[in-house]
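The values are calculated or read from the model by the stated rules, or taken from the named source; none is laboratory data. Predicted model only: the values in this text are computed from it and were never measured. Glycine also receives a Cβ, built like all others from the backbone with ideal geometry; neighbour counts cover every protein chain displayed.
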Amino acid sequence: MLTLVGLGGRLHHKPSELSGGQQQRVAIARALVNGPSLLLADEPTGNLDSRTSVEIMAVLQALNDQGLTIVLVTHDLKIADYARRQVAFLDGRLVRDEQVLNRRIAQDEWAELVGQPAAAERNAPRGEEVR
């Protein structure tokens, strides 16, 4: 599971030797060990910098793209934009339930942060412009 979340090279490190983002990925790996059909993520980026938050969201989106249902709780509207669907509650009542039309793609944002082309650009036929 550590390899799945990008920590295969850190198998023998202690928690104090891992960054905050790496510790979050360890928590995700631990949650995946028993093969759940649902992952509950309560503020998974709450105490992380924005760059590391994109990295964590890329892991969660990849897991969701592979079929894992993820319920992510957040107060950060920018993080909520990574979801396919948003459900909002106020005072214990459902006030909004809608599909996200312009979903943020964390893997593309991460590629941009590290200086790599986005997935759409990598997969485009040569000579064609990506819009």
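Scanning region 80-102 for residues that are polar (S, T, N, Q) and either surrounded by 10 or more Cβ atoms within 10 Å (Cβ to Cβ) or not in a loop (DSSP other than H, G, I, E, B) (or both) returns GLN86, GLN99. Selection of region 74-112 for residues being under 20 Å from GLU43 (Cβ atoms) and among the small types (Gly, Ala, Ser) yields ALA80, ALA83, ALA88, GLY92, ALA106.
In the set (1) under 21 Å from GLU112 (Cα atoms); (2) out of contact with any Phe, Trp or Tyr (no Cβ under 6 Å at 6 or more places or on another chain), the condition left unmet by ALA58 is number (2). What are the residues in region 1-35 that are among the hydroxyl-bearing types (Ser, Thr, Tyr) and over 24 Å from GLN66 (Cβ atoms), if any? SER16, SER19, listed by residue number. Being buried (at least 17 other Cβ atoms within 10 Å of the Cβ), at pLDDT 90 or above and over 23 Å from ALA111 (Cβ atoms) is the requirement here; does LEU39 meet it? Judged against the criteria, LEU39 is a match. When region 19-71 is filtered for residues that are free of Cβ contacts under 8 Å to residues at least 24 places away in the same chain and either among the basic types (Lys, Arg) or in a helix (DSSP H, G or I) (or both), the ones remaining, listed by number, are GLN22, GLN23, ALA27, ALA31, SER50, ASN64, ASP65. I'm trying to understand the selection: among the residues of region 51-79, which are loosely packed, with under 13 Cβ neighbours inside 10 Å and among the hydroxyl-bearing types (Ser, Thr, Tyr)? Once the filter is applied, which keeps residues that are loosely packed, with under 13 Cβ neighbours inside 10 Å and among the hydroxyl-bearing types (Ser, Thr, Tyr), region 51-79 yields only THR69.
I need a count of the residues in region 1-18 that are surrounded by 10 or more Cβ atoms within 10 Å (Cβ to Cβ), without any contact (Cβ under 8 Å) to a residue 12 or more places away in the chain and assigned to a loop (DSSP other than H, G, I, E, B). Residues in region 1-18 being surrounded by 10 or more Cβ atoms within 10 Å (Cβ to Cβ), without any contact (Cβ under 8 Å) to a residue 12 or more places away in the chain and assigned to a loop (DSSP other than H, G, I, E, B): 3 in total.
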